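Peer 1: Sharing a structure with you now.
The values are calculated or read from the model by the stated rules, or taken from the named source; none is laboratory data. In this text, all values refer to a predicted model and were calculated from it rather than measured experimentally. Cβ coordinates were reconstructed from backbone atoms using ideal geometry, including for glycine residues, and neighbour counts include every protein chain displayed. When the accessible area is computed, the model is the full protein with side chains, heavy atoms only, and any ligands, DNA or RNA have been set aside. Shrake-Rupley method; radii C 1.70, N 1.55, O 1.52, S 1.80 Å.
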Amino acid sequence: MTTFYLDTSVALRALLGHSPSAAAWIDQVTAQDEHLVVSSRLLRTELTRVLRREGLPVNRRDKILDVLSLAPITEGVLAAAEAIQPHLKTLDAIHLGSVIAAGLDATIISHDAAMLAAAASLGYPTYDPVAEKQSNLCQRGGPNQRPVRRHPAD
């Protein structure tokens, strides 16, 4: 099974219709049983805040949330976020800390350059479906290929 970690930068663009390629990627990957898409519980809060800001129905978030597994925000997640060396904004560090704390063999799905760079520096494969370009994931054969997990200390 291939695991993908979905960052808010992609989820929001898909949800708001700003990126048909991101929406198509989510639809394609979540339709296949051999893939698991995970995010932090933080994603629910971030989607809710944007939908409220935009005056849109909050239940629109369920289109994305219903096809994901959400990891809880724990003390371990926050400790992992604090330990990340490359500079990241706090919420991005919590997202990446969620992957680290859960010990996921995951490809990081994001449109945020800093998040992609930090994930790659920690040895995680990355993919940006908004830009329709791949970083080191394309070197592994595309999104159907099982990513290789490297521990942050490596």
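Peer 1: Answer yes or no: is there a residue in the range 103-116 that is open to solvent by 40 Å² or more (accessible area, probe 1.4 Å), of a type in the set (A, V, I, L, M, F, W, C) and at pLDDT 95 or above.
Peer 2: yes
Peer 1: Could I ask something else about it? Going by the conditions given, is residue 98 touching a residue at least 60 places away in the same chain (Cβ under 8 Å) and touching a helix residue (DSSP H, G or I) at 6+ places or on another chain (Cβ under 6 Å)?
Peer 2: In short, yes.
Peer 1: Let me ask another. Quick check on this structure: which one of 50, 38 is surrounded by 12 or more Cβ atoms within 10 Å (Cβ to Cβ), touching a residue at least 60 places away in the same chain (Cβ under 8 Å) and either in contact with a strand residue (DSSP E or B) (Cβ under 6 Å, 6 or more places away or on another chain) or in a helix (DSSP H, G or I) (or both)?
Peer 2: Only one candidate qualifies: 38.
Peer 1: Taking only the range 61-95 into account, find how many residues are surrounded by 20 or more Cβ atoms within 10 Å (Cβ to Cβ) and in a helix (DSSP H, G or I).
Peer 2: Count: 9.
Peer 1: Which residue pairs have Cβ atoms closer than 7 Å, lie 6 or more positions apart in sequence or on different chains, and pair a first residue in the range 106-119 that is under 17 Å from residue 24 (Cα atoms) with a second residue that is acidic (Asp, Glu) and in a strand (DSSP E or B)?
Peer 2: Matching pairs, first to second residue: 110/128; 111/128.
Peer 1: I need a count of the residues in the range 1-35 that are at pLDDT 95 or above, outside any helix (DSSP H, G or I), closer than 13 Å to residue 107 by Cβ and among the aliphatic types (A, V, I, L, M).
Peer 2: Final tally of qualifying residues: 1.
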